[in-house]
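Below is one structure, written out as structure tokens, with a few remarks after it.
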Amino acid sequence: MTPVRDNIADKIKEDGLLYFYSNVAIQRYDIVMKDILNKNNIPFIEVADCIEGSDLPDGLHPNQKGQKKMFDRITRKLIEYKFIEADTL
């Protein structure tokens, strides 16, 4: 998962409900996901470290620049893991 800007995304209302987003919760989620994927021999592709605060204008959702960074990282890893071939892009 991508990081959030805690000062902006800590309380966001969606559909009248209040949700709490934090980097601590995302890190916990990633730990669980890594464990599940590891047990099933599925690689985990880390994207949190390629996103910067400026890539999250609303504090939560990556902008076009952030999405491109994630796309590039995921694409490189899929090629590295031989899930796709570079010439198919």
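Observations
- Matching residues, the stretch 36-48, being in contact with a helix residue (DSSP H, G or I) (Cβ under 9 Å, 6 or more places away or on another chain) and more than 18 Å from K82 (Cβ to Cβ): E46, V47, A48
- Cβ-Cβ under 8 Å pairs, at least 6 apart or on other chains, the stretch 38-58 side without any contact (Cβ under 8 Å) to a residue 40 or more places away in the chain and at negative phi, far side assigned to a loop (DSSP other than H, G, I, E, B) and of a type in the set (S, T, Y): P43/Y81
- Helices (runs of 4 or more DSSP H) wholly inside the chain containing at least 3 residues that are over 14 Å from the mean Cα position of the chain (by Cα), at pLDDT 80 or above and surrounded by 12 or more Cβ atoms within 10 Å (Cβ to Cβ): 64-80
The values are calculated or read from the model by the stated rules, or taken from the named source; none is laboratory data. Given the structure is predicted, the values throughout are model-derived calculations rather than measurements. Every residue, glycine as well, gets a Cβ built from its backbone with ideal geometry; the counts of neighbours run over all protein chains shown.
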